[in-house]
1. Search the range 102-128 for residues being within 20 Å of Ala254 (Cβ to Cβ) and among the aliphatic types (A, V, I, L, M), and hand back the single one that is modelled with the lowest pLDDT.
2. Can you report the number of residues in the range 260-276 which are in a loop (DSSP other than H, G, I, E, B) and either within 20 Å of Leu60 (Cβ to Cβ) or in contact with a helix residue (DSSP H, G or I) (Cβ under 7 Å, 6 or more places away or on another chain) (or both)?
3. Please go through the range 58-98 and pick out each residue that is among the hydrophobic types (A, V, I, L, M, F, W, C), assigned to a helix (DSSP H, G or I) and loosely packed, with under 15 Cβ neighbours inside 10 Å.
4. Quick check on Ala169: is it among the small types (Gly, Ala, Ser), closer than 28 Å to Gly56 by Cα and surrounded by 16 or more Cβ atoms within 10 Å (Cβ to Cβ)?
5. In the range 240-298, which residue that is loosely packed, with under 14 Cβ neighbours inside 10 Å and among the charged types (D, E, K, R) is nearest to Cys107 (Cα to Cα)?
6. List the strands (runs of 3 or more DSSP E) that sit entirely inside the range 170-259 and contain at least 2 residues that are under 16 Å from Ala51 (Cα atoms), at pLDDT 95 or above and not charged (D, E, K, R).
7. With the structure loaded, tell me whether Ser231 is over 24 Å from Gly30 (Cα atoms), under 16 Å from the mean Cα position of the chain (by Cα) and of a type outside the set (A, V, I, L, M, F, W, C) or whether it fails that test.
8. If you go through the range 150-169 one residue at a time, how many are farther than 24 Å from Leu47 by Cα and part of a helix (DSSP H, G or I)?
Amino acid sequence: MSAAVAVTPALLRGMPLPSHHEGQDKNARGRVLVIGGSVEVPGAALLAGLAALRAGAGKLQVASVRSLAAHLAIALPEARVTGLAETAEGGIDPAAADLLAGRLGGCDAAVVGPGMMDRPAVVALTQRLLEAAEPGPGLVLDAEALCGLLECRDGLRRHAGRLVITPHAGEMAGLLGLSRDEVEADPLGVARQAAARLGAVVVMKGGCSRIVSPQGQAWSCDQGNVGLATSGSGDTLAGIIAALMARGAPPVVATLWGVWLHGEAGNRLAQSCGPVGFLAREIPAEVPRIMAAMLRPA
């Protein structure tokens, strides 16, 4: 098996993001749906949605628990916000899957998982959504939405080629039934195993992130710094990747760019704020400037 290729600006310039022209409307830049949040973690869906807009998505929808919907709509006035029925534990009721499948059909990409805390409900919702949603839109699955994926083979097959998952070591261990030590001992090998079994692009997040395609191609990205290990950082990464897919980038291209942009945003914040202590909510605002800089001649 070939070694991982380093993700660099030169590599990314060889796989450019879709360009957008004057006169295009917002639909041409893609429509993103963020499904996430819970009573205990209301801000994760906001972070993912904000990141999607900063990465260039033209339209944004957010679906979260009903008790949070008005607050999210005020905090994120650029989005259409839908309130969904809640479980007793404050999560999204799995019965919302059919409604969400319909919403997904009108979008180009979705993020599922940020801030969703009621694990049994999240597993049931994710499985039903994969089975009910028509194939086509890109799907970024994160956090609790990763649990139980291997039990949803029919749903995974329906969306093969359009799936991206973004686990850290603990989430990957739970997904594959391994210990965290086993994952950390061979992150690239474990990422390849997950990519092959799920038919998904895998981001094995860490100090050096590994990105693997379903065919086993691998890349590594050590862009970024310790400051990115902060609450909400992964939610912003998921939103960036979803936006790039919604804009028309293939899943591998969107993922490689997303991981690098996220890391470079952390580098710029470390320079302006210090190596630790910057906030996940500050990451998205760096992304447009970084993308613009990448368009300039090397």
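1. Once the filter is applied, the top-ranked residue is Leu104.
2. Pass one, the range 260-276, residues in a loop (DSSP other than H, G, I, E, B): 274-276.
Those left that are additionally either within 20 Å of Leu60 (Cβ to Cβ) or in contact with a helix residue (DSSP H, G or I) (Cβ under 7 Å, 6 or more places away or on another chain) (or both): 275-276.
Qualifying residue count for the region: 2.
3. Kept after step one, since they are among the hydrophobic types (A, V, I, L, M, F, W, C), are these residues of the range 58-98: 60, 62-63, 65, 68-70, 72-76, 79, 81, 84-85, 88, 92, 95-97.
Within this subset, residues satisfying the condition of being assigned to a helix (DSSP H, G or I) are 68-70, 72-75, 95-97.
Of everything in the range 58-98, those that are among the hydrophobic types (A, V, I, L, M, F, W, C), assigned to a helix (DSSP H, G or I) and loosely packed, with under 15 Cβ neighbours inside 10 Å turn out to be Ala70, Ile74, Ala95.
4. Working: among the small types (Gly, Ala, Ser): yes; closer than 28 Å to Gly56 by Cα: no; surrounded by 16 or more Cβ atoms within 10 Å (Cβ to Cβ): yes.
The answer is no for Ala169.
5. The extreme case among them is Arg289.
6. On the way: elements: 201-204, 209-212, 218-221.
Filter on the range 170-259 gives an empty set.
7. Details: over 24 Å from Gly30 (Cα atoms): yes; under 16 Å from the mean Cα position of the chain (by Cα): yes; of a type outside the set (A, V, I, L, M, F, W, C): yes.
In short, yes.
8. Keep residues of the range 150-169 that are farther than 24 Å from Leu47 by Cα, which gives 150-161.
Subsequent filtering for residues that are part of a helix (DSSP H, G or I) retains 150-151, 153-158.
Total satisfying the criteria: 8.
The values are calculated or read from the model by the stated rules, or taken from the named source; none is laboratory data. Given the structure is predicted, the values throughout are model-derived calculations rather than measurements. FYI the Cβ positions are ideal-geometry reconstructions off the backbone, even for glycines, and counts take in every protein chain you see.
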